[in-house]
Amino acid sequence: MGGCPGGTDSIVIGRIGEDQTCTILKTSYAGFDRNGNREFIAESPEGLSEFGLIATTAPHSKPGIIQNVFDINGWFGPAILVIFVIGLILGYGIWRARRKNKN
C-alpha cells in the first residue's frame, strides 16, 4: 500500500448510520479488481448508510520496559539513562574499594 506502514491490514471500512452512530466494520482485503484497483469488503449488519475507507496506523506491539525507559523522544529517557550510568560507575567504585580492603 505505498507508504502505508500497516499495508492492507491497516485499511478498514467505517459506517455512519442515519442516527449518526459510527461503526468500524470487520474489513477484508479482496485483492485487485480488473482495473488494478485494490478492493476491500465488509459486511454491514445494520444495513446501508454512508461508508468510508479509513487508513489506520499499523498495530504496534507493546514496547518493552527498556524501550519505555530509554525513549529518546522525551527528556525523561535520557535523564534515566544518565542516572543509570552514574549508578553503574558508583557501584563499580564501591565494589572495587571493598575488594581492595579485603586484600
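Only the coordinates and a few stated rules stand behind these numbers; no lab work does. These numbers were taken from a predicted model, which means no experiment stands behind them. No Cβ is skipped: glycine too gets one built from the backbone with ideal geometry, and neighbour counts run over all protein chains shown.
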Review point. Pairs, please: C-beta under 6 Å, at least 6 apart or cross-chain, first residue touching a residue at least 12 places away in the same chain (Cβ under 8 Å) and closer than 19 Å to Arg38 by Cβ and in segment 9-21, second hydroxyl-bearing (Ser, Thr, Tyr) and part of a strand (DSSP E or B)?
Key: Val12/Thr27; Ile13/Thr27
Exercise for review: Name the single residue, out of those in segment 41-56 being within 27 Å of the chain's Cα centre (by Cα) and outside any loop (DSSP other than H, G, I, E, B), that is surrounded by the fewest Cβ atoms within 10 Å (Cβ to Cβ).
Suggested key: Gly52
